[in-house]
1. What Kirkwood hydrodynamic radius do you get for the range B:86-162 when you take the inverse of the mean 1/r over all pairs of distinct Cα atoms, in Å?
2. Inverting the mean 1/r over all pairs of different Cα atoms, compute the Kirkwood radius of the protein assembly as shown and quote it in Å.
3. Kindly give the distances from A:Ala6 to its copy-mates, label point to label point, with each label point 7 Å from Cα along Cα→Cβ, as nm values to one decimal ordered shortest first.
4. For A:Gln61, place a label point 7 Å from Cα along the Cα-to-Cβ direction in every copy; what are the distances to the other copies, in nm, shortest first?
5. Taking a cut-off of 21 Å, what percent of all Cα-Cα pairs in the range B:1-107 are separated by more than that?
6. Quick check on the protein assembly as shown: of the DSSP beta bridges with both residues there, what percent are antiparallel, nearest 5%?
7. For chain B, set up a GNM with springs between Cα atoms under 10 Å and report which of B:Ala37, B:Ala102, B:Ala68 has the largest fluctuation.
8. Going through the range B:18-59, which trypsin sites (Lys or Arg not before Pro) have at most 10 other Cβ atoms within 10 Å and a DSSP loop state?
There are 2 protein chains.
Amino acid sequence: MTASLAIRPATEQDVPLILAFIRGLAEYEKLAHEVVATEAGLRETLFGDMPRASVLIAEWQGQPAGFALWFYNYSTFLARPGIYLEDLYVEPDYRGRGIGLALLRELATIADREGCSRIDWAVLDWNRSAIDFYRKIGAEGMDEWTTFRLTGAALEKLANRD
Amino acid sequence: MTASLAIRPATEQDVPLILAFIRGLAEYEKLAHEVVATEAGLRETLFGDMPRASVLIAEWQGQPAGFALWFYNYSTFLARPGIYLEDLYVEPDYRGRGIGLALLRELATIADREGCSRIDWAVLDWNRSAIDFYRKIGAEGMDEWTTFRLTGAALEKLANRD
């Protein structure tokens, strides 16, 4: 890691920055219409009584350049926790400088320290540059699996059915 | 729900049962060779100082018939926690009695109570009967996404690279 680049844990003061990064990632993923997160919501769920995820901020020459948001998952086959990387994002102006790799490396170090034997994350199938990067560091696509999601009216119906 | 069926939270006394269910699921998924979990490992990670996941046990006429293991995940787009269902399993002798649905319904009730707006889980693409069941209750496949996993030597290499 060069002296230009630093990775640090986010604090509550970073909430506006985190929301801007979330929106930047959503725009890149063509999913901006799905973002309903607010600063208040992030403050409560990330820095309140029961933090639901952890955030790393990457700074390039002191300027915020990207972030990673993660939480613990769990493997029943291993009986061990793992790390799930929900968001990894580097601002367009700062790409090509190894910032994404540095964020992943910091996560790998956390995994090592915390006894987690995996880092998992989801990638949009059209995002070839991301997929190439992930394969280059040795990640493998779980191509036989599909994630299913129950949400909205279907979830409410299931909760209320007798 | 009929009087024959009950869903209850697991306790530490259920650890041998949970391991048997994990092995049963792994065999069904043709992944039994990947199970290295032990009773000691499950006891520590599920019922120790820092529980990493929660377990529901389904009983049919007082006999253990299946289980669900889950933990919280997090949506940055919503700034809200969600539920991730890691394992859902019903013993072969007890299938076709609505036990899987009852476990999902209990999870939907927990989601409702805890302010979670989603339940996510992964399904093997060849498991048509499971996929048909999930679609029937209104779940949708996240077909544009692939999960990537970094583990083993590649994870260690990333953690140790300077």
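1. 15.5 Å
2. Hydrodynamic radius (Kirkwood, Cα pairs) of the protein assembly as shown is 20.7 Å.
3. 5.8
4. Spacings between copies for this position, smallest first, are 7.5 nm.
5. 37 percent
6. Restricted to the protein assembly as shown, the bridges split so that about 95 percent are antiparallel.
7. B:Ala37
8. B:Lys30
Quick note: the coordinates plus some simple rules give every number you see, no bench work behind them. Not measured: the values here are computed from a predicted model. Here the Cβ is made from the backbone with ideal geometry for all residues, glycine too, and neighbour counts use every protein chain on show.
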